[in-house]
1. In whole Hz, what ³J(HN,Hα) sequence does the range 14-31 give by Karplus (6.51, -1.76, 1.60; θ = phi - 60°), x for Gly and Pro?
2. Using amide H atoms built 1.01 Å from N in the peptide plane, name the residues 5+ places from Val32, or on other chains, whose amide H lies under 5 Å from its own.
3. Rule-of-thumb check for the chain: C-alpha Rg over 2.2 N^0.38 Å?
4. For the chain, give the percent of accessible area contributed by carbon and sulfur heavy atoms, probe 1.4 Å, rounded to a whole number.
5. Could you state the accessible area per residue of the range 49-121 in Å², with a 1.4 Å probe and every protein chain left in place?
6. State to the nearest 20 debye the size of the charge dipole of the range 2-93 about its Cα centre, where the only charges are +1 on K and R beta carbons and -1 on D and E beta carbons.
7. If you take every residue apart from Thr90 with its C-beta less than 12 Å away from the C-beta of Thr90, what net charge results, scoring Lys and Arg +1 and Asp and Glu -1?
Amino acid sequence: QVQLVESGGALVQPGGSLRLSCAASGSIFSIVAMSWYRQAPGKERELVAAIRSGGSPKYADSVKGRFAISRENAKNTVYLQMNSLKPEDTAVYYCNADIADLYTYRPQGYWGQGTQVTVSS
């Protein structure tokens, strides 16, 4: 079994910063890609940022220049550094990862439980 656990969500004022973390654990053979999605009330879940092994990060246009995704491979962890936060960044942020486990060795997608980010004065 593979689990993803997010942390770091909080209430922050506009213009502030937060760093989200997502740690993968369990029977992991390899992690192909890790990404962050978000879902605001009444809206569909959208891709925020993604990073593949050996690839360049990709970002939604709405967060380019403000957010940065990074991986710490030794800890099977992905981070999302969020700067210059805006009220429209308010959402539940979900971690997603394509992970090959030790049983099938084939990548499949996993989701974390989500962490709430609220940007408000």
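The values are calculated or read from the model by the stated rules, or taken from the named source; none is laboratory data. Here the structure is a predicted model, which is why all the values come from computation and not from measurement. A quick note on method: Cβ atoms are made from the backbone with ideal geometry, for glycine too, and the neighbour counts reach across all protein chains shown. Heads up: the accessible areas ignore ligands, DNA and RNA and are worked out on the full protein's heavy atoms, side chains in. Shrake-Rupley method; radii C 1.70, N 1.55, O 1.52, S 1.80 Å.
1. Karplus-based 3J(HN,Hα) across the range 14-31 equals x, x, x, 10, 8, 10, 8, 10, 9, 10, 9, 8, x, 7, 9, 8, 7, 10 Hz.
2. Amide H neighbours of Val32: Asp98, Ile99, Ala100.
3. 1.04
4. Answer for the chain is 48 percent, counting heavy atoms of protein chains only.
5. Per-residue value: 54 Å².
6. That gives a dipole near 160 debye.
7. In short, +1.
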